[in-house]
Structure formats: C-alpha cells, structure tokens
Amino acid sequence: MLGISHGGPPPEVATRHHVPGDQSVRAVIAPRDVPDVAPSDVAVAAEESDSDPGVWASAVRGLPMGRPLRLAYYFPQDSASFDSLRANIRHLDVVAPHWLTIDATGSVESIEGPQAVAFLHGSSALVLPSVALTSKRAGHAIVTDAEVQSEALGELVAAAEPWDGLALDFEGLDPDDRGALSDFINQLGTSLHEQRKLFAIALPAKTRDTTTGWAGAYDYAAIASSADLFLVMAYGFRTGSSGTPGSTAPLPWVDASMAYAASVIDPNRLILGVPFYGYDWNVTRGPPARALRYRDVRDLLDRTGAVPYIDPESASATFEYFDGEQQHEVWYEDERSLAAKLNLVRKYALRGVGAWRLGQEDPKAWVVWDQVMAVPFVNAQLP
C-alpha cells in the first residue's frame, strides 16, 4: 500500500493512511527549542496559560500569526514523500510525519528514519508526529479500557516530547464509541497542553452531525476546545472502492463540510484538508480504482494523449482514455482544482490548509498554494 489516500465520509470505508510494517525504535533526540517570540506575546500567553494551556502553546510554539497556516503530511514509507519534504519545506509551517501507530495495548511504535528526523529537527517548521490506529479494535480498547487508556495517554505524550506536539489520526472507530472517544480526546488534549505541546486532530468530514457511518464517532461539539488545530479531511467523498467514478473532493461537498465544521468549531482552529491524489477507474471492469499520484496522471496523459478538463460541477480535473477495449475514467487534483478549494480558507476565515500528502502533488500546486496562503488575514486571531 502506498498510503495515497485516507479519510472518507459515511457510508464508504476509505483506505486509512496507516501502513503496517516493520517498526523501528523511536529515535532519542533532545526536545526542540521554543522559537523566538516577542516578549509581549509571551506575557499575554503567560497570563492566559493557567486557564487555557493551549493558548500558551499556540502563541509560544511558533504558529504563524497574521496569515493562513500551511501544513502537510509526510509519509516515510515513500521516498518521493521525503524528496518533496526537502524540496518544499519552505512552503510549510507545520509538518505532520505519519510515522506513529498505536495498538490495542496502548503501545506506540514509530517507523521514523534518522535522515528525516535530522532534517525535520533542523528545519524551522513545527513538527507534529501523526499517530494512527493499528486496527478498529485498538481504537475501541484505547477509548473504553481504563488500563489501556492510561497507557496510551502516557505513550502519546512521551511520543510528542521530542517535537512540538502531536497530530491524532484515529479513523474508522465504531460510532458506539463516540462518547468514549470524546472523553479520551479531551484528556489527551489536557495532558499535551500541560506539557506545553500543540495538539492537532484529523477529523472525518461531514456536512451535518451524524452518529452513524465513517464520521459517526466524532462529536465535533464535544471536542471543540480540546485541540489547537482541527484538520477536516475534506476528501474521500469517493474512494477506490466506489462504484461510480468521480471526484474524491467535489467542491460543493467540501464547501458544505467546512461550513458545518465552522458552525461548531472556532474557525481559527480549523484547517481545510485537501488531497494531492486521484483515482483511475476501469469503467469496463468496475472497482477497485487505482490510486494515483500526480506523476502517474502525467504519465497517463503523455501515453494516451487524453485532454484533461475541469468538471464544472465538482471543480476537479478529469479525463477519459481507452486501454485496448477497456474504458478508463480518471479524476484527480491539479493546481486549478486546488485553487478553488483554497479559496474556502478565506470564505470561512479558517486557520489554514493541510495536504495529504507530500510526494503526490502537482508541482504547480505550490505556486497556487503560496499565492493564496501568502495573503494576510484580516483581524485573525489564534485560539
């Protein structure tokens, strides 16, 4: 599995971006230094830190102020992801290396590599390691079993210690665990903020509150104050298992998802999650579709001579081609479709944008990324 896609709305079950495999021992490094900040910022944060440690963390740990935040996931199993990380670190404020997993005993493992650790430790970007569940069973045990939960909380706080915080990516939980998940998230947020660490959560997108399906376990309102950042995974509307080809992030659905999120969670904490990937459906044979990086899309265009266009309904890029007798339909994201989605950051006064994932993108996407994200906020405030 290439870890190309993750997230997805009910009722479909999307491919999680966790990839099981050989686990290496977590590297031992010194905690990152706190970035320099203005004395006035520290004073204000200190006054408020007793009532809300997250305020201290947000102000002092170096989140950019006055413009949208730029975040992307790094996927260590793919060498192209590291190549992109090195080439594009200047475009990022926060990197979420997706190298942690947690199992049904509450034990955290890492597949981080020394090269990436050294590079990130030496960069100016904030680093929030991303942690995924090894299984649905693991998620249930962590949020419902007191002993496992205690172990998990301790392990997760320890995993965040060498870095600037933690990015939680618990996907596919049973909606029956909704209340327990909310309690766990609030406890984890408190524990991380007590250690002056940032806390980010990847949320499954939804256009209204629902207690069933892929997003049913997440009660936005119950966790709205637990984290510094909430990345809404506004992709996965269609996945590789979908029977009908189409955009994984159609703009009307993305718009509605962010509108709902902003009605429940402070927009100053919300990150618009955007996809850098696409799918190739064999329409003749049927699903599953093949997940594509942009370079795969480019290869198909060069080989087939197909002409892509922007679908007016979804605002995503698409084209068709034939492979012998078999018809294919490709849907993906390029710099044009990305620009349409990034405009939602302004529309809903969101904190910023986050991409899944480095190594999949259209190189031109970074030009649009910088153009839209460089525009200063008006009256923006951190949580």
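Each reported figure results from applying straightforward, stated rules to the coordinates on display, with no laboratory input. Treat the numbers as computed from the prediction; the structure is a model and nothing was measured. Using ideal geometry, Cβ is built from the backbone for each residue, glycine included, and neighbour counts are taken over all protein chains shown.
A few notes on this one:
- Close pairs (6 angstrom Cβ cut-off, 6 or more residues apart or separate chains): touching a residue at least 12 places away in the same chain (Cβ under 8 Å) in the stretch 361-373, in a loop (DSSP other than H, G, I, E, B) anywhere: GLU361/PHE276; ASP362/ASP334; MET373/PRO68
- Some residue of the stretch 194-202 being crowded, with 17+ Cβ neighbours inside 10 Å, in contact with a strand residue (DSSP E or B) (Cβ under 7 Å, 6 or more places away or on another chain) and among the small types (Gly, Ala, Ser): yes
Quick grid of which residues meet (1) touching a residue at least 60 places away in the same chain (Cβ under 8 Å); (2) surrounded by fewer than 17 Cβ atoms within 10 Å (Cβ to Cβ):
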{"site": "LEU292", "(1), (2)": "yes, no"}
{"site": "LEU300", "(1), (2)": "no, no"}
{"site": "PRO312", "(1), (2)": "no, yes"}
{"site": "PHE319", "(1), (2)": "no, no"}
{"site": "PHE322", "(1), (2)": "no, yes"}
{"site": "HIS328", "(1), (2)": "no, no"}
{"site": "TYR332", "(1), (2)": "no, no"}
{"site": "ARG336", "(1), (2)": "no, no"}
{"site": "LYS341", "(1), (2)": "yes, no"}
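- Pick from the stretch 96-119, criterion hydrophobic (A, V, I, L, M, F, W, C) and more than 29 Å from SER150 (Cβ to Cβ), ranking: surrounded by the most Cβ atoms within 10 Å (Cβ to Cβ): ALA116
- Qualifying residue in the stretch 223-234 (condition: touching a Phe, Trp or Tyr at 6+ places or on another chain (Cβ under 6 Å) and hydrophobic (A, V, I, L, M, F, W, C)): yes
- Filter result (of a type in the set (Phe, Trp, Tyr) and under 16 Å from the mean Cα position of the chain (by Cα)) within the stretch 266-297: PHE276, TYR277
- Among residues of the stretch 170-181 that are surrounded by fewer than 17 Cβ atoms within 10 Å (Cβ to Cβ), those with a Cβ under 8 angstrom from a residue that is basic (Lys, Arg), sequence gap 6+ or separate chain, pair up as ASP174/LYS136.
- Among the residues of the stretch 298-310, the ones that are under 25 Å from the mean Cα position of the chain (by Cα) and farther than 23 Å from GLY359 by Cα come to 0 in all.
- Residue that is farthest from ALA167 (Cα to Cα) [pool: residues in the stretch 250-273 that are of a type in the set (Gly, Ala, Ser) and in contact (Cβ under 8 Å) with a residue 12 or more places away in the chain]: ALA256
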